[in-house]
Amino acid sequence: MEKSGLWGWQCKSSVIAKENCVLQCLSPPCYELVYESDPLEEGEKDFTRSQEYKYCMHR
């Protein structure tokens, strides 16, 4: 992933790729903790991990 803050091609390849990039951009430590080992996949809705991510960002 590009660290320059610009959206690389991998972040534009699909809706879910863009979502993963946004999550990583908003909070790299929280993304690493919650999603890095198992990124979201096309069509996946993971309410539990979403809540964990939000909690991580607000602590």
Cβ-Cβ under 6 Å pairs, at least 6 apart or on other chains, the stretch 2-18 side more than 15 Å from Tyr35 (Cβ to Cβ), far side assigned to a loop (DSSP other than H, G, I, E, B) and modelled with pLDDT under 75: Gly8/Glu2
Scan of the stretch 25-43 for residues that are small (Gly, Ala, Ser) and more than 19 Å from Val15 (Cβ to Cβ), ordered by number: Ser27, Ser37
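The values are calculated or read from the model by the stated rules, or taken from the named source; none is laboratory data. On a predicted model such as this, the values are computed, not experimentally measured, just so you know. Note that we place each Cβ from the backbone using ideal geometry, even for glycine, and neighbour counts take in every protein chain shown.
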